[in-house]
Amino acid sequence: MTKLIGISGSLRKASFNKSLLNAALPLAPEGVTFTTGTIEGIPLYNADVEKEGVPDAVQVLKDQIAAADGVILFTPEYNNSMPGVFKNAIDWVSSSMTGAPNVFAGRAFAIAGTSPGPFGTLLSQNAWLSVLRTLGADLWSGKRLMLPKAGSLFDKDGQLVDADAQARLKAFVEAFADYVARKTA
Ligand SMILES: Cc1cc2nc3c(=O)[nH]c(=O)nc-3n(C[C@H](O)[C@H](O)[C@H](O)COP(=O)(O)O)c2cc1C
């Protein structure tokens, strides 16, 4: 069984990226489990805090990534880059200060995102490239998923109602799942 997890980089309850992740979960093909990891509860990175012990929320996310064959980052865009809260969470998980293994190295990662603006997180996704390269992740670039005009894609309950976006999301999830399944076969 191939295991995927998706992580939303927004803490907002009505987050478009959280909604996109929720819409993606049922689209995993047969033989693939797709669950969520969360950045909620992760404190600001502080090496002094880390010396005292890795916070529970960080350890949970780290374990979830370590148990997954593939990870999709659903990233918002802030000021043409990734949100600080998302980068902060990945910084925590990546820290090797405690001698923990690098859970990014060689693991398949994909990036997706949606924003109300016209570019659909293009620059945020670009900003993630150098981070994932630095961490030695296996960055999948078989497809891109940048969904603009997020405000018109979801209904008031956060359901993805735009047919084109739904089709693109499905194609993206299926192609990444196929890549990960072949890689781990
Ligand atoms: C500080 C800040 C900066 C932002 N900068 C951008 C930006 O550069 N590009 C963009 O498309 N949207 C930008 N936005 C709008 C976000 O895309 C929007 O708030 C979006 O809903 C955030 O994602 P979420 O719905 O998943 O929380 C910004 C929002 C904030 C709060």
Seminar exercise, completed: Comparing E30, E174, E77 in a Gaussian network model of the chain (Cα, 10 Å), the one with the largest mean-square fluctuation is E30
Problem set entry | Which of A175, L61, A108, positive extreme of dipole for region 2-184 (C-beta unit charges) | A175
Problem set entry | Table column - 3J(HN,Hα) (Hz), region 172-180, Karplus curve with 6.51, -1.76, 1.60, x for Gly and Pro | 5, 5, 5, 5, 5, 4, 5, 4, 5
For this session: Rounding to the nearest 20 debye, state how big the charge dipole of region 2-184 is about its Cα centre with +1 on each Lys and Arg Cβ and -1 on each Asp and Glu Cβ.
Result: 380
Seminar exercise, completed: Within the set S81, S94, S130, GNM on the chain using Cα springs under 10 Å gives the largest fluctuation to S130
Exercise. Stretch A67-D155 to full length: gain in nm at 0.36 nm per residue minus the Cα-Cα span?
Worked result: 28.4 nm
Seminar exercise, completed: For 13-24, 116-127, 133-144, ranked highest to lowest by mean beta-carbon neighbours within 10 Å, the order is 13-24, 116-127, 133-144
Exercise. So which residue, out of D155, D91, D69, gets the largest mean-square fluctuation from a GNM of the chain using Cα contacts under 10 Å as springs?
Worked result: D155
For this session: Along Cα→Cβ, 7 Å out, is where each label goes; now give me the distance between the ones at S81 and R144 in nm to one decimal.
Result: 2.1
Seminar exercise, completed: If amide H atoms are modeled at 1.01 Å from N in the peptide plane, then the residues at a separation of 5 or more from S8, or on another chain, having amide H under 5 Å from its own are G37, I39, F74
Exercise. Which ³J(HN,Hα) values in Hz, rounded to whole numbers, follow from the phi angles of region 99-110 under the Karplus curve 6.51 cos²θ - 1.76 cosθ + 1.60, where θ = phi - 60° and Gly and Pro get x?
Worked result: x, 5, x, 6, 7, 8, 4, x, 7, 6, 10, 10
For this session: Report Rg(Cα)/(2.2 N^0.38 Å) for region 2-184, keeping two decimals.
Result: 0.98
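Read-outs throughout are calculated quantities, based only on the coordinates presented, and are distinct from any laboratory measurement. Every value quoted in this text rests on a predicted model; they were computed, and no experiment measured them. Cβ sites come from the backbone with ideal geometry, for glycine too, and all protein chains shown count toward neighbours.
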